[in-house]
Amino acid sequence: MASTSTIFSPDEAPELLSTTDTNNDISVPYDNGDTGEEDDVGDENNPHRRKSSSSSSSSSPSMHSLGGRSDRPDLPRILLMGPRRSGKTSIQRVVFGKMSPHETLFRLEPTQTVEINVVEHNPLCRFQVWDFPGDYGGDAPYHRPFDPITYDVTALPPSAISRPPRFSVDNIHDTSNGIGNGNIATLPPGLVSDSDASIFGNARALIFVIDAQDEPYDHVLRRLTDVVARAVRSNPTISVEVFINKVDGELFLSDEPKYDCRRDIMQQVADELAEAEVPDVHVAYYLTSIYDHSVYEAFSKCVQKLVPTLPTLEELANVLVTTCSMEKAFLFDVASKLYISTDSTPVDMQSYELCSDMIDVVLDVSGIYGVKPDIEGRRVGEMMRNAEEEEDDEVAAYDNESSSVIRLSNGMVLYLKEVGTMLALVCLTRSENFKKKSLVNYNIECFKRALKMLMEKTPEDSIDSSSLQHVSLHNT
Ligand SMILES: Nc1nc2c(ncn2[C@@H]2O[C@H](COP(=O)(O)OP(=O)(O)O)[C@@H](O)[C@H]2O)c(=O)[nH]1
Ligand SMILES: [Mg+2]
């Protein structure tokens, strides 16, 4: 088959074994043999590395500070809704703002207005998260779709408030359906307000966060049903995700109470949606906690739904995993540690945690030893200490030569390699399948080229595997 690139199986292309792997294997600038890690953070004297560090910086992930409130109509919109103190703001600060989970206990003020957080790390991880105040659509005196008196309209982007609500309190009928204090009014079924249309109409996903430790759930689930109904009526293609958050602490020491909690919530929501005659809607449920990786895993799955090329990415990962006899391969957004895609074998939390933790190790070690000292001899990582600049540190610590191998005591190997701006491929493989590292590197290079082609396509372009014809991936 005519091809410019081929993925070889490490065991089946012995002619490549003698190839010195100078392009892909980066020299290790320090010896960390004691820990069993080889962090290929690059040659400090390598001018290319210096150049790429600064160029990465210039295209640095631009996460606007929370509350930046700048709508970006070009970015898919994810809505974070749910009752007060269910953990919406914590989730987004922990996942995208690098806040430690414990800090959320004392550093977060109640969200007063809609806060927009733009996440634009690379072509595969770009979206905006709208963090709503807990009141939205529920606890307010009138359960109106959008109440400019209750909510600070100046905080909303013009696109969200361009059309005033068509329904006044008069033409919202009070169902007195027992939610809260009994005077909560909802729209007649089937009607969509202009403001609902502007909030939900342009959104790609609705994440409704529930506090699992705040029983009983009846009130919250009725509100969830109502918000979902309005969202789906305004936008039938919106993805609906429910984060059952705070599944940690004494109440959820084992898995069983978590699964019971999820089952009860799913059942009740399904019943209520059926009762409300909501058109067919698929609701995905996730058990999350900001104190472990579950919230990253859940958010990853939501973000994956925004990636139009996901099936092709998965196929590429499948080919790589098969040809290199790997156990698992994740494509990570380095800045958020969300995984954008993986091969089609099931994800187990332990593998995900290992691979995700590896990113931290690489960034930490590379931040200290891998960044070129400035002219005064201080390391860049030591110079910049405020929150925003820490993000720059991260970008400087990760470039196109970033690579690392960690050998685990159980005979497995974790292998991380840069495959795009702030994108890492993290593979889990058996050590016996990692003997021909140069060949694995060659195959990952093919993966990287295919990925680059995919990312260069505009979202409107239809992507199918035939569009990758000239990067023919075949098993020899
Ligand atoms: N135990 C536990 N507490 C959480 C979790 N997520 C958030 N919290 C706490 O819940 C409180 C309210 O969080 P916040 O993000 O302000 O809620 P919001 O009103 O929905 O934005 C804070 O004290 C957080 O520390 C979680 O996963 N587990
Ligand atoms: Mg909040």
(request) Report the GluC sites (Glu not before Pro) located in region 193-281 that are in a DSSP loop and have at most 15 other Cβ atoms inside 10 Å of their Cβ, or state none. (result) E277
(message) Classify region 218-326 from the C-alpha gyration tensor, please: rounded if a/c falls under 1.5, else prolate or oblate depending on whether a/b exceeds b/c.
(response) oblate
(message) If I ignore ligands, DNA and RNA and count only protein heavy atoms, how much of L108 is accessible to a 1.4 Å probe, in Å² to the nearest 10?
(response) 40
(message) With a cut-off of 8 Å between alpha carbons and a minimum separation of six or more residues, what is the relative contact order of region 280-362 in percent?
(response) 27
(message) Output wanted: per-residue J couplings in Hz (rounded whole) for region 340-352, from phi through Karplus 6.51 cos²θ - 1.76 cosθ + 1.60, θ = phi - 60°, x for Gly and Pro.
(response) 7, 6, 8, 6, 7, 6, x, 8, 9, 4, 5, 5, 4
(request) Can you send over the solvent-accessible area of H102, 1.4 Å probe, protein chains only, in Å² to the nearest 10? (result) 110
(request) Using amide H atoms built 1.01 Å from N in the peptide plane, name the residues 5+ places from L338, or on other chains, whose amide H lies under 5 Å from its own. (result) D333
(message) Can you work out the Karplus-derived ³J(HN,Hα) for every residue in region 423-434? Use 6.51 cos²θ - 1.76 cosθ + 1.60 with θ = phi - 60°, whole Hz, and x for glycine or proline.
(response) 10, 10, 9, 10, 10, 10, 9, 6, 4, 5, 8, 10
(request) Might you work out the accessible area of E418 for me, using a 1.4 Å probe with all protein chains in place, and round it to the nearest 10 Å²? (result) 20
(request) Please turn the phi angles of region 209-217 into ³J(HN,Hα) values with the Karplus equation 6.51 cos²θ - 1.76 cosθ + 1.60 (θ = phi - 60°), one per residue in order, whole Hz, x for glycine and proline. (result) 9, 10, 8, 5, 8, 10, 7, x, 8
(message) Leaving ligands and nucleic acids out of the surface, order M266, M81, M455 by accessible area at 1.4 Å, largest first.
(response) M266, M455, M81
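The values are calculated or read from the model by the stated rules, or taken from the named source; none is laboratory data. This one's a predicted model, so the numbers in the text were calculated from it and none came from an experiment. For neighbour counting, all protein chains shown are included, and Cβ atoms are generated from backbone atoms with ideal geometry for every residue, glycine included. Note: accessible area is taken over every heavy atom of the protein model, side chains too, but ligands, DNA and RNA are not part of it. Shrake-Rupley method; radii C 1.70, N 1.55, O 1.52, S 1.80 Å.
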